[in-house]
Amino acid sequence: MDRIGRRWPAYAGVVPWALLVLGIVMDLATPKEVSGGPLIVLACVASGVIMSFRATLGLVVVVAFVAELLTGFWESGTAGAQQFVDLAYVVVAGVLGLDLNRLVVRYGRRMTEVRTVAESVQLALLPEPPLRLAGYDIAASYRAAQTEARIDGDLYAVHDSPWGLRVFIGDVRGKGMGAVSTVALLLGAFREAAEDVPTLEALGARLNRRLAREAPGLGEELRMEGFTTAVLAEFPPGGELVRLLNFGHPGPYLVSGGHVRGLDAGVPNLPLGMSGFGQEVSPHEEFAFPPGSSLLFVTDGVTESRDPQGVFFDPVRGLEGMSCASAKAAVNGLLTRVDAWTGGVSTDDRAVLAVAH
C-alpha cells in the first residue's frame, strides 16, 4: 500500500502477524497474571497502518478477536469480566486500525495527485526536444524523485541558432513554485537570447541580467539566496567540436568508442544569479566532438546518486564500455546504469540530455 508516495518494505507486512503470534504465545505460555493482550491490540493498530483495508479487517482484526477469545477460555475455562474487557480492547483497536487505514489511504492518494500535478507542470516546461536538429541526434529525459511530491528546478533546452546548435542545462536552487518560476524565466530568456547573441559569454551575461531584473518576483528564498548552476554548449555548423561555458554545474560526459571522458571546466564561473559578486565570466572552452560520439549533459540527480553503501555514482567509471548508437540509446543507457547503482531508489530529480554526432 502506498503511504506518502513510497511503499513499505516487504518485511513490514510481517510485523502485525508477529505481534499477534507473540501475544497469543504469551497468553498461552505464561501465568494468568501475564497477558499478551496489549500485543494483540498493537497488532490491530499496526495492521491498519501497514496493510490493506481488507487484510486489516479479515486477516488481523477478526483473527485477533478470535485469538483473544480462545486464549481467555484456555486460561480460565469461562468468559469472565476481564475477558470481556480484553475483547473490548481488541474491538476498539480494530476500529482504530481500520480508521487509520482509511486516513493513510486517503492521504496517500492526495499526495499521489499532488505529485502527478507537480510532474505535469515540470514536464510541460520541459517538453521532448526534436529527435533531429541542426544535423545532430538529440534525446532527453526527466525523472522526478520518488520520495516527495515536490516540484524541482531541473531544466534543459536546445535551440538551432545562426551560430550552431545551442544547449542549455541547469539546476535551480530551491523547490516549489519559486523554482518553477525561475525555470520558466530562464528557459524563455535562453530561447530568446540564443537566437540573438553571437557568443556563449554574451548568452550567459543575458541570462544573468534577466535573473537580476526579475529576482524580486521569484519569491523570498530565491530572491535572497537563489542561484542556478548551468552549462551552455554550442555546436558550430560543420565543425567537429563543442564549445562549453560552465556556471558551477557538473560538466557533460563525452562517450566515444566505448570510452567516457568528463569535460569539466578548467575555470568554472559562479552560478547564474550570483553576478553581484563581481567575478568576470571566464571564456568558453573548446573540446573535440568527432563523428560517432555522444555528449551527455546531466544534473546533480545523476552525479549525486548513491548506492546502498552511500557511494556516489561516477559516470566516467559507470558508463565505461557503454554503446551509444544514438542519443536515445545514450540516455537510456545512462539511466539504466544509474538505476542499477542505486537499486532503483531516487532521492532527487534527474534530468539528462544527449547530443549525438
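What relative contact order, as a whole-number percentage, does the range 222-357 give when Cα pairs under 8 Å and 6 or more residues apart are counted? Mind dumping the intermediate values first?
Working: 252 pairs, mean separation 34.2, N = 136.
Worked out over the range 222-357, it gives 25 percent.
Taking amide hydrogens as modeled 1.01 Å from N in the peptide plane, which residues meet the under 5 Å criterion relative to Leu241, leaving out close sequence neighbours?
Answer set, sorted by chain and number: Phe289.
Each residue of the range 33-42 in order: what ³J(HN,Hα) in whole Hz does its phi give by Karplus 6.51 cos²θ - 1.76 cosθ + 1.60, θ = phi - 60°, with x for Gly and Pro?
With coefficients 6.51, -1.76 and 1.60, one gets 6, 9, 10, x, x, x, 5, 5, 4, 4 Hz.
Would you tally the net charge around Glu286, using a Cβ to Cβ cut-off of less than 15 Å, leaving Glu286 out, and scoring K and R as +1, D and E as -1? Mind showing how you got there, number by number?
Values: positive: Arg166, Arg243, Arg261; negative: Glu201, Glu234, Glu240, Asp264, Glu285.
That works out to -2.
When each pair of different Cα atoms in the range 126-356 is counted once in the 1/r mean, what is the Kirkwood radius in angstroms, to one decimal?
Working: mean 1/r = 0.0563 Å⁻¹.
Over the range 126-356, the inverse of the mean reciprocal pair distance is 17.8 Å.
What ranking do Thr342, Thr303 get, fewest neighbouring Cβ atoms within 10 angstrom at the top? Present the calculation step by step, with values, prior to reporting the outcome.
Numbers: Thr342 15, Thr303 19.
Ordered from fewest to most neighbouring Cβ atoms within 10 Å, Thr342, Thr303 come out as Thr342, Thr303.
For a footprinting-style exposure proxy, rank Ser294, Ser323 by other Cβ within 10 Å, fewest first.
Details: Ser294 30, Ser323 12.
Neighbour counts put them in this order, fewest first: Ser323, Ser294.
Provide Val21, Val62, Val34, Val231 in ascending order of the number of other Cβ atoms located within 10 Å of each residue's Cβ, fewest first. Don't jump to the answer; show the numbers that get you there.
Numbers: Val21 16, Val62 13, Val34 9, Val231 27.
With the fewest neighbours first, Val21, Val62, Val34, Val231 line up as Val34, Val62, Val21, Val231.
Bear in mind these aren't lab numbers, they're just calculated from the coordinates by the rules spelled out. Model, not experiment: these values are computed from the prediction. Note that we place each Cβ from the backbone using ideal geometry, even for glycine, and neighbour counts take in every protein chain shown.
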